Amino acid sequence: MKKILLLTYLFCIALTINAQDLVSKIPKDAKAVVSIKGKNVTDLVSVSEFENSKIGKLFLKEMRNETDGRVSNLNELGIDLNRDFYYFMTSDSLSLKHHVLVPFKDKTGFEKLMPERQKKKIITDGDLSYFVDTYDSMITMWNNNMLLMVVSQETYNNDYYSYNDYSVEEVAEEVVLEEEEVEVESTESEIEVEETVIEPSEPTYNNDYYENLRKDREAKKLLADKALVTYAKSTIKGNHTNGSILKNTKYVKAIGNGKDEAVAWIGDFSSIYSDMLQNLSYGMGPNYLGLYDSFQSFYSDMSLTSKLNFEKSQASLKTRYTMNNDMAKYTEAMYNGKMNSNFFKYFNEDKMLGYFAVNISTKGVLEAYPEMMSKMFEGYNDDEVAAFVPIGMKILSLLIDEEGAAQLLRGDMLFVLTEMKERELTYTTYEYDENYEREEVTKTKKETLPGFLMMLTSSEGDLFHKLMNIAVKESRGEVTLSTNGIYQLTTSDLPLTINVAYKDNAILIGSSFEDLVAIKTGKFNSKVSGKHKSLIKKNSSAIYVNGHEIASTFPREMMPNAVKEKIDFISQNTEDVIFKTGKIKNNAMEGEMILNVPEKGHNNSLAYFLNMINALMD
C-alpha cells in the first residue's frame, strides 16, 4: 500500500512539473539539475519593481548601451520570465556537458541582443537557429519557444602536440651520423676526397609532418562541432533514449511539489567522479589503480538537494545530503557528540551577539577515521599503498587511546561572541629626533575589538592545571595566575588579555576577567532560552548571528553623515541569521541557512534584498 501511495505521489508531481515544458529537454541520466521557478520569483518581485530599482535601472542602462538602444526593457528581451529556467549537466568518460535552458516568448528579442558580426555566424535549419563557438566547444541554439546553450568540456584529450616533439638535437644527431658514415667509407676505399665542412644552420623541422597534424586536428574539431550540433538538435527536441528526467524517480521525489524558488540537485556523486577520473588518470582508464572502485564504495548512492525559498518573514536555503550505508556509519560516529549542558550557565543571551557551536565526538572521529581510510584504499591496485594504508591505520589506532583522548577533549565546543567594544590600546613605535637618531615611543590608539567566551568539555582538570602551572613558570611573566584561580595571558602579540579557567569539566577561554571570576564563584547571571538550547544541543553544528545588535555596535563618531545613514538603515533592517547542520538520520544529513527579515517595510524576503541594495547603492 505504501508503495502504491508513493508511486501515486510521484506521478502527480511529474504531471505538475510536465506543464513546464523545458524540463522534458533534460535527459533521465542527467547528473545535476538546477531549476529557477520564474513565476514564483516574479510573484515576489514584479518585473516593473525590478526595473524601477537602482540595480534594475543600472542593468537596463547597460543593456541599452550594449544594444545601441535596440533593447530598452526586460519585456523586449523576449524571455518568458514566468516560466522555469534550467541548468543541467551530463557526463561520460569523454566529456562533461553543461546546458542552460531559457524559455522564450519571442526569439526576436534575443536576436536583437546580438551585434551584426555575430548575426552573420547564425545558421538556420528549419525553425532552429544556432551558431557554434569552436574555440570554446560551445553551441547556442534557439527556436521561438526556447534557447539552449551547451558547453562541452573534454575530460581527456590525447591530441596534444608540440613542435618540440621533433627536437633540434634529434636533427643534429642525424647529420653527425651521416658525416661519420662518409668518413668510414672514404677510409675503407682509400679514395682521397675533399674534407667536407658542415656549417651550423637554423633548426629544421619536419613541416609536412606538423602540417598533417594540424589538418588532422582541424578535421577532428570539425567532426566534434558537427557532433555537438547533432547533440544540441536532439536535446532541444527532447529526443532522449531513456526518456526525460521526469522518469528519474529520485529526481522527482527530491524536488517535491515545486513551491521553491530554486532547486539544485546532484543525483550520484560516484558517477560524476568516475567520469572525471579519465582526466585525473591521464587517459589510463577510469579504473586506473583501482580509483573507480574506491570512489564507488565511498560515493555510490550519494546525492544532494538544495532548495531556496523566499517567504514573507525569512529567506531559507535547505540542503539534504544523502549517503550510502558505509559513509553514513562513519559520519554518524563522528557527529555523535553530546553538548555539555553546563555551558548554558556561562553566558547570557541578552548580552550575546552570536555563537558558533560544534557537537562532534572525539572518540567517534578517532575510531571511524582509520577504518574509513582503510576502506578507501582497499581496492587500490598499487600493492605497496594497498598494503601500507591498512597497516598504518591499525598502528595509529593502537597508538591512540580513543577513550583517553575523549577525556582530554570530548569534542563539543561553544564559542560565544559577547560584545564589540572600543578599547584603548598601547603600542610601541619608533620616531627620529632632531639628530636623526631613532628612539622608542609608546603611543595609544582606539580599536573596536570583540569580547568572547569559548567553552570546551574536558574531564582532565588535573592535567589542565599542571600544564597551566608549567606555563606560569616558564613564560617569563606572560602567563600569570590570579588569586581567583584565573590564568591570564598577556603578550604584545595580542591586543587584549586572554583569561583561562576550568570549572565543571569545562575549559573556559574568554576576554572578560570579571565574567570568568563570576563563573568560578557561581555568581554569573546566565540566561539562555529554549530556542538557543535546542539549536545548540540538537545539531552537529550551529551558527547564530544577532545581526541587529552587531550592526548597532559599529562606531559612528568619525564617519561621514552619508555612511552613518547607511549603517543606521542596516541596523534597523537586519535580523537574526542561523546556520545549522543536523545529525545523521536515515542515512541523510540536513542543513539550513535562515535569514530573518523585519516585519515592516518589506513585502517579502526577496523584496528585502532588493530594498537593501537600493539603500546601499550610491
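The values are calculated or read from the model by the stated rules, or taken from the named source; none is laboratory data. For clarity, every value in this text was computed on a predicted model and none was experimentally measured. Here the Cβ positions follow ideal geometry from the backbone for every residue, glycine too, while neighbour counts run over all protein chains shown. Keep in mind that these areas ignore ligands, DNA and RNA; they rest on the heavy atoms of the full protein, side chains included. Shrake-Rupley method; radii C 1.70, N 1.55, O 1.52, S 1.80 Å.
A few notes on this one:
- Checked against (1) farther than 29 Å from Gln153 by Cβ; (2) exposed (fewer than 15 other Cβ atoms within 10 Å of the Cβ); (3) without any contact (Cβ under 8 Å) to a residue 12 or more places away in the chain, Lys54 meets all criteria but (3).
- Residue in the range 462-470 that is within 30 Å of Glu367 (Cβ to Cβ), under 39 Å from the mean Cα position of the chain (by Cα) and free of Cβ contacts under 8 Å to residues at least 60 places away in the same chain present: yes
- Matching entry among Gly547, Gly601 (being modelled with pLDDT under 95 and open to solvent by 50 Å² or more (accessible area, probe 1.4 Å)): Gly601
- Restricting the range 103-112 to residues that are of a type outside the set (Gly, Ala, Ser) and assigned to a helix (DSSP H, G or I), the residue that is surrounded by the fewest Cβ atoms within 10 Å (Cβ to Cβ) is Thr108.
- The set of residues from the range 84-124 being of a type outside the set (A, V, I, L, M, F, W, C), over 16 Å from Leu148 (Cα atoms) and within 32 Å of the chain's Cα centre (by Cα) comprises Ser91, Asp92, Ser93, Ser95.
- Of the residues in the range 587-594, at least one is open to solvent by less than 60 Å² (accessible area, probe 1.4 Å), assigned by TED's automatic domain parsing to the domain that holds Ser541, modelled with pLDDT of 90 or more and among the charged types (D, E, K, R).
- Contact map, the range 471-499: residues that are free of Cβ contacts under 8 Å to residues at least 60 places away in the same chain paired with residues that are of a type in the set (Lys, Arg) and open to solvent by less than 80 Å² (accessible area, probe 1.4 Å), Cβ distance under 9 Å, separation 6+ or inter-chain. Pairs shown: Asn484/Lys520; Gly485/Lys503; Gly485/Lys520; Ile486/Lys520.
- Within the range 113-143, the set of residues being in a loop (DSSP other than H, G, I, E, B) and either over 15 Å from Lys226 (Cβ atoms) or open to solvent by 50 Å² or more (accessible area, probe 1.4 Å) (or both) comprises Leu113, Met114, Pro115, Lys120, Lys121, Ile122, Gly126, Asp127, Thr134, Tyr135, Asp136, Asn143.
- Selected residue (criterion: modelled with the highest pLDDT) from residues of the range 14-31 that are under 17 Å from Asp260 (Cα atoms) and not in a helix (DSSP H, G or I): Gln20
Every residue, every condition in (1) modelled with pLDDT of 80 or more; (2) at positive phi, yes or no:
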residue: Thr362; (1), (2): yes, no
residue: Tyr427; (1), (2): no, no
residue: Tyr436; (1), (2): yes, yes
residue: Gly451; (1), (2): yes, no
residue: Met455; (1), (2): yes, no
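- Scanning the range 428-447 for residues being touching a residue at least 40 places away in the same chain (Cβ under 8 Å) and within 30 Å of Leu353 (Cβ to Cβ) gives a total of 1.
- Single condition Leu77 does not satisfy, out of (1) modelled with pLDDT under 95; (2) within 28 Å of the chain's Cα centre (by Cα): (2)
- Boolean, Glu549 is in contact with a strand residue (DSSP E or B) (Cβ under 8 Å, 6 or more places away or on another chain), within 22 Å of Met352 (Cα to Cα) and charged (D, E, K, R): no
- Here the range 64-81 is the region considered, the condition is being in contact (Cβ under 8 Å) with a residue 12 or more places away in the chain and not in a loop (DSSP other than H, G, I, E, B), and the residue that is surrounded by the most Cβ atoms within 10 Å (Cβ to Cβ) is Ile79.
- Gly379 among the small types (Gly, Ala, Ser), surrounded by 13 or more Cβ atoms within 10 Å (Cβ to Cβ) and at pLDDT 80 or above: no
- In the set (1) modelled with pLDDT of 90 or more; (2) open to solvent by 80 Å² or more (accessible area, probe 1.4 Å), the condition left unmet by Phe11 is number (1).
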